[in-house]
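Okay, structure first, notes after.
The values are calculated or read from the model by the stated rules, or taken from the named source; none is laboratory data. All values reported here derive from a predicted model rather than from experimental measurement. Please note: Cβ atoms are built from the backbone with ideal geometry, for glycine as well, and neighbour counts cover all protein chains shown. With ligands, DNA and RNA removed, areas are computed over all heavy atoms of the protein, side chains included. Shrake-Rupley method; radii C 1.70, N 1.55, O 1.52, S 1.80 Å.
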Amino acid sequence: MSNNHEFDPFAGIEDEQDAGPDGARAGLLEAARRGYVPLRKAFVQRPQDSAPVAGRPSARASVLYDLVHRRNQRALDVFLLMHALQPILDGTPLLLGTWANILSVKSRVDATAVSRAIETLEDLHLVVREDDSRTPTLRLLLEDGSGKPWHKPGSTVEEGPGYFVIPHDYWTRGLSERLSLPGKAMLLILLSETQNPKTPAFAMAVERASEWYGISERTAERGYQEIGKAGFMKVKVQKVNDDRHPVGRRDVYWRALKSPFDTMTRQRLQGSATKAARAAGSAAAATSVAVQLQPTT
């Protein structure tokens, strides 16, 4: 007598829903277990006493200017993701195809385009590619383009203006796709200038953008407009006295980022990450002690 109910060893094993490039990127960011990206301010702006650099419009223009001037948004995207995923890349590099996939949220990116973006970052002394395989080992260099070995911001006594953080919400809320290169440049500038809780708002006449950061007035205006349109910026106009102004007063435009990019939310995010790291360290130490105290047989 035949059995019509033969045991199926594969019962319950079903295909998972395709997470897509966005889901793959979110999963890798989650694996980084940090919630934010620390980035040196020198990437955005060089210190006040910096010597002029040939080819840059001002002494304070930094590597961000180089990427904007070259109109190389993909290289900037790769650079930011490399820093975001740094905790999980050490010893476990990603395939070029994986980089292409997580960069394909808005439009398809292939491995060749990723390789070219990496070449740009190498040219700017921001990264070193250890080999030319399909799974290249990428070693970060300091964000100022000096070519010096990278170390985590805040892990030693920092020279210059310090660092700022980019919440992972930049990717998980789709802002990395909604902003073009001007929007991304101005977001980085705003994040840098409002990292300190004492300065949660930033005022800069767009006419000063070239002198302060090397970017054009038009780029600054477009960037501000994009961030505002995306709903992550608030503006306050302050009337100040100015004896040289035709009417004796002028407008100062103060700008601040909205949650989750505002100063206080970023401070809380860092605080939570620090507490979690300490708790994990304490738990690991307690486990180590317990193992050492176990009686031998």
- From Thr172, Thr219, which residue is touching a Leu at 6+ places or on another chain (Cβ under 9 Å), within 30 Å of Val128 (Cα to Cα), in contact (Cβ under 8 Å) with a residue 12 or more places away in the chain and open to solvent by 50 Å² or more (accessible area, probe 1.4 Å)? Thr172
- What tally of residues in the stretch 257-279 results from selecting those that are hydroxyl-bearing (Ser, Thr, Tyr), loosely packed, with under 14 Cβ neighbours inside 10 Å and assigned to a helix (DSSP H, G or I)? 2
- Message: Checking Ile227 against (1) touching a strand residue (DSSP E or B) at 6+ places or on another chain (Cβ under 6 Å); (2) free of Cβ contacts under 8 Å to residues at least 60 places away in the same chain; (3) part of a loop (DSSP other than H, G, I, E, B), only one condition comes out false. Which one?
- Response: (3)
- In the set Tyr224, Tyr253, the lone residue that is farther than 30 Å from Ala75 by Cα and among the aromatic types (Phe, Trp, Tyr) is Tyr253
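Can you tell me how many residues within the stretch 83-95 are hydrophobic (A, V, I, L, M, F, W, C), out of contact with any strand residue (DSSP E or B) (no Cβ under 6 Å at 6 or more places or on another chain) and within 17 Å of Tyr36 (Cβ to Cβ)?
Here is the first cut: in the stretch 83-95, the ones hydrophobic (A, V, I, L, M, F, W, C) are 84-85, 88-89, 94-95.
Remaining after also requiring out of contact with any strand residue (DSSP E or B) (no Cβ under 6 Å at 6 or more places or on another chain): 85, 88-89, 94-95.
Applying the additional criterion that residues be within 17 Å of Tyr36 (Cβ to Cβ) yields 85, 88-89.
Number of matching residues: 3.
Within 23 Å of Met264 (Cβ to Cβ), part of a loop (DSSP other than H, G, I, E, B) and open to solvent by 70 Å² or more (accessible area, probe 1.4 Å): does that describe Lys236? I'd like the intermediate steps shown before the answer.
Working: within 23 Å of Met264 (Cβ to Cβ): yes; part of a loop (DSSP other than H, G, I, E, B): no; open to solvent by 70 Å² or more (accessible area, probe 1.4 Å): yes.
Judged against the criteria, Lys236 is not a match.
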- Task: Working only within the stretch 241-255, note down all residues that are modelled with pLDDT under 95 and among the aliphatic types (A, V, I, L, M).
- Result: Val247
- Task: Examine the stretch 101-123 for a residue that is surrounded by 14 or more Cβ atoms within 10 Å (Cβ to Cβ), polar (S, T, N, Q) and in a loop (DSSP other than H, G, I, E, B), and state whether such a residue exists.
- Result: yes
